[in-house]
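Shown next, in structure tokens, is the structure this report addresses.
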Amino acid sequence: MALDNLALYVHWPFCVSRCPYCDFNSHVRASVDQAAWKDALLADLAHEARELPGRRLGSVFFGGGTPSLMPPATVAAVLDAAERHWGFADDVEITLEANPSSVEAARFADLAAAGVNRVSLGLQSLDNAALRFLARAHDVAEGQAALDVAQAVFPRVSFDLIYALPGQTLAAWQAELALALARGTEHLSLYQLTIEPGTRFATEAAAGRLTIPDGDAAADLFEATRAMAATAGLPAYETSNHARAGAESRHNLTYWRYGDYAGVGPGAHGRRGGLATQRRRKPENWLAAVARNRHGIEVEDALDAYQRATEALVMGLRLREGVDLTRIAALAGGVAPIDDAAVTRLEGQGLVAREGSWLRVTEAGALLLDAILPLVVRDAVVENPAP
């Protein structure tokens, strides 16, 4: 995948139901003015195209709330405009996130006809009790049926699961993961449950009514996940993402390799030409801004060389391949912002490895990534700047 290829992220903020572990509950809507939304997305997109001329799109990603409920005609219009503005790489990857409901699965063929060639399905669990805990609207049977349709319609399919749930044993997770791997998809995203501030889960945890595995139990779950996926031919190429060789998410690799990406739609982040962009998050505010300015940008900050190099390091060390310190040094304007003494110490412990100009976190270090990053990267802020 060429680093000079541009990625496009299209954020659709609307959800079909309230979610206990994210903070987008305010984006639940009974109805949406689809014509107004399509026009606004196209205007926001046109602004980014003016700011990023002469590029080709390597990937497009429709994400956010429930983008599989976007009208296929809107998806097609966005893709037509994106191709007209930039042009598509020959192997362009066009991904859409979808919930595994029968309503959305019924739209998959139309979304594929609109140009989507990869779907990321939010199964989240293959256990009905876990799905109830996660407040998902679908059950296992409906999720499996949606996955059947997705695999029949789209050339590339990924789905996600969440583990380290309250009371989840290692044996139970291994059995669930075995079922997931047996489905034969080329890509899996496997996330440990995290408690985000301000959510219902955070309130439950603070009150002592919710306890998730931590310490040794969480480590056992993490290590078993990586071992089982690798044995099945889907090794981890990023902390939580597993794929067959050549089936890695090209769009997400743009984030982790610190390439340029344009973000359009409410709340979307972007990185272009050393600028960090963020759209207005509330849908109504974004719509008003687009009507007023022909774009929905709220923040557009120039990142200095040191900031860009630090972000690239933090993102790139999530990848199994690691980072090229020569490139990082060039981004920084001369010297990569790493702590050489810490790298040497961690290398001696087998947690990181240097091979020529490349630095990577080892398999043993992957479990400790959040602790390693602040040691290796000077002034690191361990967060994901991707949308």
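The values are calculated or read from the model by the stated rules, or taken from the named source; none is laboratory data. Every value quoted in this text rests on a predicted model; they were computed, and no experiment measured them. Note: ideal-geometry Cβ built from the backbone for every residue, glycine included; neighbour counts use all protein chains shown.
Summary of values
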item	result
Subset of the stretch 192-225 that is of a type in the set (A, V, I, L, M, F, W, C) and not in a helix (DSSP H, G or I) - its residue that is nearest to the chain's Cα centre (by Cα)	L193
Residue within the stretch 139-151 that is over 19 Å from L221 (Cα atoms), under 20 Å from the mean Cα position of the chain (by Cα), surrounded by fewer than 21 Cβ atoms within 10 Å (Cβ to Cβ) and among the acidic types (D, E) present	no
Filter result for Q168 (of a type outside the set (S, T, Y), in contact (Cβ under 8 Å) with a residue 40 or more places away in the chain and in a helix (DSSP H, G or I))	no
Qualifying position, being modelled with pLDDT of 95 or more, in contact with a Leu (Cβ under 7 Å, 6 or more places away or on another chain) and crowded, with 16+ Cβ neighbours inside 10 Å, among A49, A76, A89	A89
Filter pass, V60 being modelled with pLDDT of 65 or more, under 28 Å from S158 (Cα atoms) and outside any helix (DSSP H, G or I)	yes
Qualifying positions in the stretch 253-266 - under 23 Å from T239 (Cβ atoms) and part of a loop (DSSP other than H, G, I, E, B)	R257, Y258, G259, D260
Some residue of the stretch 24-32 being modelled with pLDDT of 95 or more, surrounded by 17 or more Cβ atoms within 10 Å (Cβ to Cβ) and outside any loop (DSSP other than H, G, I, E, B)	no
Failed condition for R250, given (1) in the same structural domain as E223 (by TED's automatic domain parsing); (2) closer than 15 Å to G316 by Cβ	(2)
Considering residues of the stretch 226-239 that are touching a strand residue (DSSP E or B) at 6+ places or on another chain (Cβ under 7 Å) and either of a type in the set (S, T, Y) or assigned to a loop (DSSP other than H, G, I, E, B) (or both) only, the residue surrounded by the most Cβ atoms within 10 Å (Cβ to Cβ)	L234
